[in-house]
Amino acid sequence: MTGNEIREKFLKYFESKGHTVAASSSLVPHEDPTLLFTNAGMNQFKDVFLGLDRRPYTRAATSQKCVRAGGKHNDLETVGRTARHHTFFEMLGNFSFGDYFKKDAITYAWEFLTEVLGLPEDKLYPTVYKDDDEAFKLWQEVAGVPEGRIVRLGEKDNFWSMGETGPCGPCSEIIYDRGIEFKCYEPECFLGKCDCDRWLEIWNLVFMQYNRDEKGKMTPLPKPSIDTGMGLERITSVIQKVPTNYDTDLLKEIITAVEKMCGQRYPGNEGGFPFRVIADHARACTFLIADGVLPSNEGRGYVLRRILRRAVRLGKSLGINRPFLFELVSVVAKLMGQAYPEVVEKRDYVERVIKIEEERFHETLHDGMKMVEEMVAGIQAAGGAQIGGQEAFVLYDTYGFPLDLTEDIAEENNLTVDRAGFEKAMQEQRDRARAARQDVSMLAGQEIYAEIDRKMGATEFTGYDKTASKVNIIGLIVDNEPVFDATAGQKVELILDQTPFYGETGGQVGDTGCLTKAGTRVLITDTKKAFNGLFIHFGTVEKGTVSFGDFMDAEIDVDRRERIARNHSATHLLHKALKEILGEHVNQAGSLVEPDRLRFDFTHFQPVTAGELKKIEARVNEMIMANLPVKTTVSSLEEARKTGATALFGEKYGDEVRVVKMGDYSTELCGGIHLESTAGAGIFKVLAESGIGAGLRRIEALTGDGVLQYIAEKESVLEEVSAALKTTPHELFRRAEGIVRELKEKEKELETLQAKLAKYESQGIIDGVREIQGVKALSAQVTAQDMDALRNMGDMLRDKLGSGVVVLGAVHEDKVNFVAMVTKDLLDRGLHAGNIIREVAKTAGGGGGGRPDMAQAGGKEPAKITQALDKAYEVIESQIK
């Protein structure tokens, strides 16, 4: 039985038991700042369990793609060292949302394992929470498991919580006994005491039956639920009777491909570490990039970059000294494309991203080797014996050098590495990352919104067809507390039974406007969608009193809505134009649609050229002038995709979706507000194009009257500049060219004069040379406009000395520049320009470093320049051997 067949059997089995088979969610959690990556099947149902979301079904089954690397759940360093840990894996799961509970969950699990997969009953051992007598009895009654084969374990192993507070409950794990041949050497190698490869956890059944409050008190949930998870790779290794997950058909073909690349045979457990890591990481990189993550220096992108670079480094250890990881994408797509078609659809794009990152990393490794060589030379020249922890961390963080590589280089040079200092720097980085993540607790007001949603249901949105309507206030909130009325001056949040106000989502800002009744007016300043179709209207009572249950007239700001619609429709035209001109690899990565401007983020690997931008802008304007009709329809997600509609990354779609079609040019899934015709946008103008991350670009643009205002402002500036330069707008360019030419000539004259002045000044400075232990040393303050001028003067004085040390400082624009030079004949006497300059600059509130023979630095305290330059003589004397 193949891994693909096991996945299919699981989903079909639970479908036969009344479960809806839900598609795997993205590896990037939707609107959940508490998670770095989707790491369990229940993630996409989290709001359902919390009561913040509803689904049209109460039973579900999924095969969820997961990544555990970074954040709380991090298996990165364990991958390849054990038989069963991965960064990327698939989790099979069945879920009940207040439907069935323990009895059925246990029945289904036992039936699937023993009857569908044919596992021998005597190899299966259930564990239960120590106080869960109900589960203990059910395993005997339902599955016929003898009492002696059911193991009670404590909270650490068999009690699950979503967080410090919220839904929680006991769980029951199903352990498979792989046999005595997998037994470890521990004397107490038996279930419940040992976590070795003999006792393999294959399925975890979570019985979500309590709610834990801030004081730790647990109360029974009104509708207990079920959340289960079974690793596909693990169960496949059991069915296929292989020793590790890496020997299953889910991963073996990737390892075979690596064997061909490096010309070596995979040696299995002993010595096969690099092969296993590369196979695992090839899957993780492929799926993360396909789900929109790109290599970068922060957040998810940083984790992806670490995974990718780790695979490349281990490839080098196998003798693969070229980009190779990108070639494994096609192998992953072949193995997993049937279950996850996105990896086939985006294969070329994923390959390109990985190849570019590999090429960059090879360059980085080369640069890193140069840096570590300079670092070692500096330490040795200064008589040191250790690479500092912070320096080792910089090599790791910036150049991807693992600590063991740095230690190897250090050992070759009779040095050690400050491992404790490295760990401290690593921990500081983890602390910074943890602080950057948002708190797990619910947002203020969400509990109130959830209660209103449970009582009243979703808000009916009428804004596609109407700009005004009669509404009923079904929720009134002031300072995060529900109230019955609010008076003039109070800020309020209102929930209406229906609304013409668009709630901020999909990059489009929310509507503004007003609610009125006799003697009362509420100014609406923003509208947001909370969850589950509930709209929150933020506003201020301008006059009168607004009360719970009031009927009022709601009216949006129509002019503002029209300007938003222009910009939103333009983003669809822009998206299509980018794909046409730059390539199909372009995908939307984010957007902001406001009344005054639009911002569009997209995937692309290099800056968009001026020529390409002109073509893009012209193409969008061509489609505006074509007066294409904008039509919207509602269909199933599957039907919409069959028509070629573009689904946007990061968006969470329901069973029914809204399709926005602009003539035969653009078709996208979108719930936003649009024009009736593309001509309504008037005109489109690109303001700027920039990079916002590795492989991510951003275009900012205007439409309609925004473009007219922009042109008027540009014309005004043109006239002002022309008047200042005493010319006409038509002749402005020629006039500017003439001024630039004159400036260059003056600069040359100034450089000549400065060189003469420096030569004259150096003649006086050279008289201040001191001799320290037979070494000529000169430390002086000079006049220099920039670092280049300072270096030139240093070169001149060093040449005059013939043999010696020169340290110069110059104040320029409230800053201090320093340069230090050591003639090469003195390097073997322990003198190192980088070490000298570091101490000198430190005295003036700065820092820096460089090569043994030449270094430069800056300082922030000009008043201390004299003190710093005097310090130079002390440093020189202390270094001389």
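Some values worked out for this structure:
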read-out	value
Pick from the range 12-25, criterion without any contact (Cβ under 8 Å) to a residue 60 or more places away in the chain and part of a helix (DSSP H, G or I), ranking: least open to solvent (accessible area, probe 1.4 Å)	Ser16
Where a residue in the range 316-328 is at negative phi and its partner, wherever it lies, is of a type in the set (D, E, K, R) and open to solvent by less than 10 Å² (accessible area, probe 1.4 Å), with Cβ under 7 Å and at least six apart	Pro323/Glu358; Leu325/Glu358; Phe326/Glu358
Total residues in the range 508-520, condition closer than 16 Å to Arg560 by Cβ and surrounded by fewer than 22 Cβ atoms within 10 Å (Cβ to Cβ)	4
Single residue of the range 447-465 satisfying the filter (over 36 Å from the mean Cα position of the chain (by Cα) and assigned to a helix (DSSP H, G or I)) that is surrounded by the fewest Cβ atoms within 10 Å (Cβ to Cβ)	Lys455
Tally of residues being open to solvent by 20 Å² or more (accessible area, probe 1.4 Å), more than 15 Å from Thr236 (Cα to Cα) and among the hydrophobic types (A, V, I, L, M, F, W, C) across the range 87-109	2
Residue match in the range 186-200 (condition: of a type outside the set (Phe, Trp, Tyr), assigned to a strand (DSSP E or B), within 25 Å of Gly231 (Cβ to Cβ) and modelled with pLDDT under 90)	yes
Selected residue [acidic (Asp, Glu), crowded, with 17+ Cβ neighbours inside 10 Å and at pLDDT 80 or above] from Glu617, Glu639	Glu617
Residue among Ala554, Ala570 that is within 35 Å of the chain's Cα centre (by Cα), open to solvent by less than 10 Å² (accessible area, probe 1.4 Å) and aliphatic (A, V, I, L, M)	Ala570
Helices (runs of 4 or more DSSP H) contained in the range 311-402 and holding at least 3 residues open to solvent by 30 Å² or more (accessible area, probe 1.4 Å)	342-345, 347-381, 389-399
Criterion (open to solvent by less than 10 Å² (accessible area, probe 1.4 Å) and under 20 Å from Thr406 (Cα atoms)) met by exactly one of Ile278, Ile289, Ile307	Ile307
Flag if Glu173 is in a helix (DSSP H, G or I), at pLDDT 90 or above and charged (D, E, K, R)	no
Test for Asp32: is it under 30 Å from Met456 (Cβ atoms), out of contact with any strand residue (DSSP E or B) (no Cβ under 7 Å at 6 or more places or on another chain), at pLDDT below 90 and open to solvent by 30 Å² or more (accessible area, probe 1.4 Å)	no
Matching strands (runs of 3 or more DSSP E) fully within the range 648-754 where at least 3 residues are open to solvent by 30 Å² or more (accessible area, probe 1.4 Å)	656-662, 684-693, 696-703
Close pairs (6 angstrom Cβ cut-off, 6 or more residues apart or separate chains): more than 30 Å from Leu582 (Cα to Cα) in the range 699-721, at pLDDT below 95 anywhere	Leu718/Pro729
Any chance Asp157 is touching a strand residue (DSSP E or B) at 6+ places or on another chain (Cβ under 8 Å), touching a residue at least 24 places away in the same chain (Cβ under 8 Å), acidic (Asp, Glu) and in a helix (DSSP H, G or I)	yes
Selected residue [open to solvent by less than 30 Å² (accessible area, probe 1.4 Å), at pLDDT 95 or above and out of contact with any strand residue (DSSP E or B) (no Cβ under 9 Å at 6 or more places or on another chain)] from Leu76, Leu117, Leu113	Leu117
Residue count, the range 235-253 (criterion: within 30 Å of the chain's Cα centre (by Cα) and surrounded by fewer than 20 Cβ atoms within 10 Å (Cβ to Cβ))	2
Output for the range 466-501, where each listed residue is open to solvent by less than 10 Å² (accessible area, probe 1.4 Å) and either within 17 Å of Gly513 (Cβ to Cβ) or in contact with a Lys or Arg (Cβ under 8 Å, 6 or more places away or on another chain) (or both)	Val471, Ile473, Val492, Leu494, Ile495, Leu496, Thr499, Pro500, Phe501
Considering residues of the range 35-47 that are crowded, with 22+ Cβ neighbours inside 10 Å and under 16 Å from the mean Cα position of the chain (by Cα) only, the residue farthest from Thr505 (Cα to Cα)	Asn39
Single condition Leu50 does not satisfy, out of (1) hydrophobic (A, V, I, L, M, F, W, C); (2) open to solvent by 30 Å² or more (accessible area, probe 1.4 Å); (3) touching a helix residue (DSSP H, G or I) at 6+ places or on another chain (Cβ under 7 Å)	(3)
Filtered residues of the range 824-859 (kept if β-branched (Val, Ile, Thr) and touching a Gly at 6+ places or on another chain (Cβ under 6 Å))	Ile837
Residues of the range 621-646 satisfying the condition of being closer than 15 Å to Thr571 by Cβ and out of contact with any Ser or Thr (no Cβ under 9 Å at 6 or more places or on another chain)	Asn621
Residues of the range 518-555 classified as among the hydroxyl-bearing types (Ser, Thr, Tyr) and more than 18 Å from Ala488 (Cα to Cα), total	1
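The values are calculated or read from the model by the stated rules, or taken from the named source; none is laboratory data. All figures in this text were calculated on a predicted structure; none of them were measured in a lab. Glycine also receives a Cβ, built like all others from the backbone with ideal geometry; neighbour counts cover every protein chain displayed. Accessible surface is based on the protein model in full, side chains and every heavy atom, while ligands, DNA and RNA are left aside. Shrake-Rupley method; radii C 1.70, N 1.55, O 1.52, S 1.80 Å.
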